[in-house]
Amino acid sequence: GMNPYKTQNSDNLAVCGLVYETLTELTDAFEAEPGLFTEWSSDDGETWTFTVAAGRTFHDGHALTAQDAAYSIQTAMASDLYSGRLSAVKDVKDSDDGTVTVTLSRANTQFPALLNIPVIENNAADSTYPSGTGLYQFASDHQSLTVYSGHPDATKRPSTRSISWSASRSRRSSPRLTTGPSSISRSVTPAPART
């Protein structure tokens, strides 16, 4: 599947990076900058307050809330992919004022840099294709992506309207990107099943 908290396939994770935005972004120097969290503060490095971006929506039209952001952190804490980096998180609370409060077991002044985790809707952890807020959304065939018209950058990318990929189990090959005037195609080969 294409759930960013469950897939183990690195190629699927790369595609998920187009569909799911993160709470914070990282600079080349690994410093946190705003993502879907627009600002944050902490007096002691143990209790952090984050503000969720206003006016953002998921691909299904649901408005992004602090509850979705808090749920994404809690889902990441239970995920094999992200649990290690969030092991110091003791508590996550959302508020109706659009903020999320995270309490750590020990001070970490760099904690926001650990929150470059994908955001999914509240209660969507078991979905194979949870709704995201990214520039691209899954098409009905789940083998292609289309530009999400509700994304703030949708009008900035008029030449790249869709992305498609195919899976082949017959041979292992490197992902291949092909760009054209109106599409990007990526061939994705799933990793062999673990035994």
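The values are calculated or read from the model by the stated rules, or taken from the named source; none is laboratory data. Because the structure is a prediction, the values reported are computed rather than measured. Heads up: the accessible areas ignore ligands, DNA and RNA and are worked out on the full protein's heavy atoms, side chains in. Shrake-Rupley method; radii C 1.70, N 1.55, O 1.52, S 1.80 Å.
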Starting from the Cα of LYS93, draw a straight line to each of the aspartates and glutamates and keep only those under 18 Å, dropping any in the same chain fewer than 8 residues away.
GLU39, ASP43, ASP44, GLU46, ASP68, GLU121
Once fully extended, how much extra length lies between LEU81 and PHE30, figured as 0.36 nm per residue of separation less the alpha-carbon to alpha-carbon distance?
16.5 nm
Express in nm, to one decimal, how much length is gained between ASP96 and ASP126 on full extension, taking 0.36 nm for each residue of separation and deducting their alpha carbon distance.
8.3 nm
So with the 1.4 Å probe, I'd like the accessible area per residue for the stretch 38-158, rounded to whole Å².
49 Å²
